[in-house]
Amino acid sequence: MKPLSEHILSQSFAPTGFSLIEASAGTGKTFSIQTLYLRLVVEHGIPVEKILVVTFTEAATAELRERLRKILEESYKNLTAPEEDPPEPANTDTAATNTEPNRIKEILALVPHSIPERINAEEMKKRRLRRALLDFDQAAVFTIHGFCQRTLNEFAFECGQDFDTEVISGDALLAEICTDHWRAIMYKKPTNAAEDLIQAKFPDPTKLTSLA
């Protein structure tokens, strides 16, 4: 069986439809996302704003966005000012030979789809990469909650939501619930003994939140 890094570089692997990549940390998931992203841009001509990339944290989103931009830049440089082929490494291990320049060259060697007859393949690849770089500020790379908020805002009318809907974190929601509960108890004016106990254990809502 081919390693995943080789499989997704193959012309026989179509980066469209549904695929599941299941792997543990440090095994090349981001590498695979970069490869698929570049193939969708170069081979299929899909605009960056039409490719949805979703991850978990703000830090991971920033890193992934930077790595996607970098591989687009390196690919465009490769087409506009190609360098000499890198020397063959002494180690023949697959992971060692699958370097960044080799990966980019393999992807750029794939035949792009939907090419007008008057434009050759190389020119079409350059156009697609240049457009992707110019439009990269619109690239759809989000956290899960960021994507949900954007979707709710863009389709607020269809969803029956307010146009300024805000997606809040679980911690913020928990703090709000605990505050409401604390106020509900205190506003009932409990007996002196109960009030003393509440004030001693939970003088403010933050103490109640810490127990949740």
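Quick notes on this structure:
- Residues satisfying the stated conditions in segment 64-82, i.e. more than 16 Å from residue 138 (Cβ to Cβ) and either of a type in the set (Phe, Trp, Tyr) or in contact with a helix residue (DSSP H, G or I) (Cβ under 8 Å, 6 or more places away or on another chain) (or both): 67, 71, 73, 74, 75, 76, 78, 79, 80
- Any hit, segment 120-136, residues being surrounded by 12 or more Cβ atoms within 10 Å (Cβ to Cβ), modelled with pLDDT of 75 or more, in contact with a Phe, Trp or Tyr (Cβ under 8 Å, 6 or more places away or on another chain) and of a type in the set (A, V, I, L, M): yes
- Test set (1) modelled with pLDDT of 90 or more; (2) more than 14 Å from the chain's Cα centre (by Cα) - residue 61 fails condition number: (2)
- Which numbered condition residue 175 misses (of (1) over 28 Å from residue 59 (Cβ atoms); (2) aliphatic (A, V, I, L, M); (3) free of Cβ contacts under 8 Å to residues at least 40 places away in the same chain): (1)
- For segment 122-138, the set of residues classified as out of contact with any Pro (no Cβ under 9 Å at 6 or more places or on another chain) and under 15 Å from residue 66 (Cβ atoms) consists of 133, 136, 137, listed by residue number.
- Hits in segment 30-54 - residues which are among the aliphatic types (A, V, I, L, M) and surrounded by 22 or more Cβ atoms within 10 Å (Cβ to Cβ): 38, 41, 42, 48
The values are calculated or read from the model by the stated rules, or taken from the named source; none is laboratory data. Worth saying up front: this structure is predicted, and the values here are computed from it rather than measured. Reconstructed Cβ throughout: ideal geometry from the backbone, glycine too, with neighbour counts over all protein chains shown.
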